[in-house]
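The structure under discussion appears below in the form of structure tokens.
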Amino acid sequence: MVSSKQSLVFGFVVVPNFSLIALSACVDPLRIANGVLGRATYRSVLLSVDGGLVASSDGIQVMTQHSLAEAPPLDVVFVIGPNPIPSRGLRALTLWLKKMAAQGLPLGGIDTGAYLMAQAGLLNGYRSTIHWEDHGALAEQFPQVIVTQHFFEVDRDRYTCSGGVAPLDLMTYLLTQAPGSRQLANEVANLLVVERRSLTDVQTVSIIHQERVTHPAAVEALRLMEANVGEPLTITEIAQFAGMPLRSLQRLFRQQFAKSAERIYLDIRLSHARILVQRSDKSIRDIALETGFASPSHLTARYTPRFGAPPQKDRANRQQGLAFKERLAS
């Protein structure tokens, strides 16, 4: 985002059930940047479809300054997406976003805001990212969008971000662009006590990072497991590829996780299956095949004790919870 302007107005559109931490991670870097510069170079404007109070996903209500119809002149627009994504009530937002795009404004989507932008057809042909839980849904529903696993993406006049605290990375990156500078971005990051992540850094939920695994053979074995979910390898094959005797690998896993390598591999596959159960409309049969189980009954037999409910019931429970949450926000 390179601008010849001496100041920029950022519009942040919040949708009911938006992420409060994501909003704060967007706004605070701009506020701190003004403090570093000693002048109001960046201005944040809070918007919603109808104006007034909007409830975040944790129930805290935020007062927006303007409705979309009364929005002041803006230089860039970000949509702070909700969880769950509402099934209705988006028409006004979609039309307004298309209007902003037609005016040439740069547009950004935070967390599921990227999904809302894709629904409006505003990410076709653009690189985009989204929270890892929704990565598959975005890629499947919108094949015209180039979906990546990065924390954030900047592609021409489109900015997307995975949510959580990742907006800090996107915003500090944007602060390197005029009227900001690299020095400004670094000073803001220092004041926020965060390390800046780059455009090439990827989201990770790998057990390697969760458990701080450093042993080279264990790291390689886990990478093999995570890369071979649909067609599982045998533990003997994994040990061979990792360059370690089978007994030594099993001993290493017992020491690191207090579980066998087989159990860890099963947990990885079941975690992937649960994401598909809760975040996609795929049949349980397709999910079983995609996660290396011989049949839906085989998946169910492993899934139920792990998550406390069979896949179909787990999906229904989540859908009921999301529907209730959506009614509260409407």
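Taking the residues in region 257-271 that are buried (at least 18 other Cβ atoms within 10 Å of the Cβ) and not hydrophobic (A, V, I, L, M, F, W, C) as candidates, determine which candidate is farthest from Thr304 (Cα to Cα).
Checking each candidate, the answer is Tyr265.
Which residues, taken from region 72-97, are out of contact with any Phe, Trp or Tyr (no Cβ under 9 Å at 6 or more places or on another chain) and within 22 Å of Ser162 (Cα to Cα)?
Of everything in region 72-97, those that are out of contact with any Phe, Trp or Tyr (no Cβ under 9 Å at 6 or more places or on another chain) and within 22 Å of Ser162 (Cα to Cα) turn out to be Pro84, Pro86, Ser87, Leu90, Leu93, Thr94, Leu97.
Only residues that are in a helix (DSSP H, G or I) and buried (at least 23 other Cβ atoms within 10 Å of the Cβ): list them for region 175-201, please.
Initial filter on region 175-201 (in a helix (DSSP H, G or I)): 182-192.
Correct list: Val188 only.
Just for region 139-156: of the residues that are buried (at least 22 other Cβ atoms within 10 Å of the Cβ) and within 11 Å of the chain's Cα centre (by Cα), which one is nearest to Phe78 (Cα to Cα)?
Phe152
For a quick check of your reading of the model, give me the residue pairs whose first member lies in region 264-285 and is under 20 Å from His135 (Cβ atoms), whose second is among the basic types (Lys, Arg), with beta-carbon atoms closer than 6 Å and at least 6 apart or on different chains.
Matching pairs, first to second residue: Leu270/Arg306; Leu276/Lys282; Val277/Arg315; Gln278/Arg318.
Step by step: first the residues of region 125-138, then only those that are touching a helix residue (DSSP H, G or I) at 6+ places or on another chain (Cβ under 8 Å) and not hydrophobic (A, V, I, L, M, F, W, C), then the one that is surrounded by the most Cβ atoms within 10 Å (Cβ to Cβ). Which residue is that?
Here the residue is Thr129.
Please work out if Pro82 is over 17 Å from Leu116 (Cβ atoms) and not small (Gly, Ala, Ser).
So Pro82 fails the test.
If we keep just the residues of region 76-107 that are touching a Gly at 6+ places or on another chain (Cβ under 8 Å) and not hydrophobic (A, V, I, L, M, F, W, C), which is farthest from Ala55 (Cα to Cα)?
My answer is Lys98.
Mind listing just one residue for me: the one in region 69-123 that is crowded, with 16+ Cβ neighbours inside 10 Å and acidic (Asp, Glu) and, of those, nearest to Val147 (Cα to Cα)? Please lay out each step first, then the result.
Here is the first cut: in region 69-123, the residues crowded, with 16+ Cβ neighbours inside 10 Å are 71, 74-86, 90, 93, 96-97, 100-101, 105-120, 122-123.
Narrowing the set further to residues that are acidic (Asp, Glu) leaves 75, 111.
Values: Asp75: 25, Asp111: 13 Å.
Among them, the one singled out is Asp111.
The numbers here are math on the coordinates, done by the rules we state, and not lab data. Computed from a predicted structure; not experimentally measured. Cβ atoms come from the backbone with ideal geometry, glycine included; neighbour counts cover every protein chain shown.
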